[in-house]
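First comes the structure, then the notes that go with it.
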Amino acid sequence: MPQQALQFLNEMDISVWQVRQTQYFPTLEANTLSVPKTCQLLFIAPAIPTDRDAFLFGKVLASMKLIPEQALFLPSESLEYLGEHHLTWCWFSGVAPTELEGVRALSSPLLSEMHTNTQSRRDLWRQICSYDH
C-alpha cells in the first residue's frame, strides 16, 4: 500500500483495516494483522454484526466485564493473518473455532440466530462462566 494511503489511515486513527478488493492492489503482500494492546476480545464471524446484533453483543461484553472499545471484529478468513496480540478472549460466532494459545475461546451460533434462541445464549453464558473457575 502506498505510504500516502497509510498516512491517511493513521490520520483518521484507523489502526486495523482490511483490503476487500485485493485485485486492485496486485503488489499488496499478505502481512500479519496487529491488534491494539487495548483489544481484549476478538469477535470472529462471517460478516459484520448488524445494528440489531449490537445490543446483544454489548450485553455479552458487559457480562465479561468488557466494553465495546475492547473488542474488535475480524472476518473468519483473516484469522490466519493474526500476528502478536494481547487477547484474553476469542469469540467464534457462526464459524468453526480455532485454538489460539493462551486465549479463552467461545463458540456460538451467529448473533442474529441467538436473539430468539434462549438455549444458545445459555450455552454461551456457561462457556464464559467456565473460565471463572
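Within segment 86-105, does at least one residue satisfy the condition of being more than 11 Å from Ile44 (Cα to Cα), touching a Leu at 6+ places or on another chain (Cβ under 9 Å), open to solvent by less than 70 Å² (accessible area, probe 1.4 Å) and of a type in the set (S, T, N, Q)?
Checked segment 86-105: at least one residue is more than 11 Å from Ile44 (Cα to Cα), touching a Leu at 6+ places or on another chain (Cβ under 9 Å), open to solvent by less than 70 Å² (accessible area, probe 1.4 Å) and of a type in the set (S, T, N, Q).
Read through the list (1) modelled with pLDDT under 90; (2) over 23 Å from Ser34 (Cα atoms), then give the number of the only condition that Arg122 fails.
The one condition Arg122 does not meet is (1).
So which of Ile48, Ile44 ends up being under 12 Å from the mean Cα position of the chain (by Cα) and without any contact (Cβ under 8 Å) to a residue 40 or more places away in the chain?
Being under 12 Å from the mean Cα position of the chain (by Cα) and without any contact (Cβ under 8 Å) to a residue 40 or more places away in the chain holds for just one of Ile48, Ile44, which is Ile48.
What are the pairs with Cβ atoms under 9 angstrom where one residue, in segment 7-22, is of a type in the set (A, V, I, L, M) and the other, located anywhere, is in a loop (DSSP other than H, G, I, E, B) and modelled with pLDDT of 70 or more? Sequence gap at least six, or different chains.
Going by the 9 Å Cβ cut-off, the qualifying pairs are Val16/Ser34; Val16/Val35; Val16/Pro36; Val16/Cys39.
Quick one: in segment 106-133, which of the residues that are open to solvent by less than 40 Å² (accessible area, probe 1.4 Å) and under 14 Å from the mean Cα position of the chain (by Cα) is nearest to Leu66 (Cα to Cα)?
Taking the candidates together, the pick is Leu106.
Tally up the residues in segment 66-95 that are outside any strand (DSSP E or B) and farther than 20 Å from Asp53 by Cβ, please.
Looking only at that region, the number is 8.
Within segment 17-45, restricting attention to residues that are in contact with a strand residue (DSSP E or B) (Cβ under 9 Å, 6 or more places away or on another chain) and modelled with pLDDT of 90 or more, which residue is most open to solvent (accessible area, probe 1.4 Å)?
Gln40
The values are calculated or read from the model by the stated rules, or taken from the named source; none is laboratory data. Keep in mind the model is a prediction, meaning the values are calculated, not measured. So basically every Cβ, Gly included, is an ideal-geometry build from the backbone, and we count neighbours across all protein chains shown. These accessible areas exclude ligands, DNA and RNA; they are computed on the full protein's heavy atoms, side chains included. Shrake-Rupley method; radii C 1.70, N 1.55, O 1.52, S 1.80 Å.
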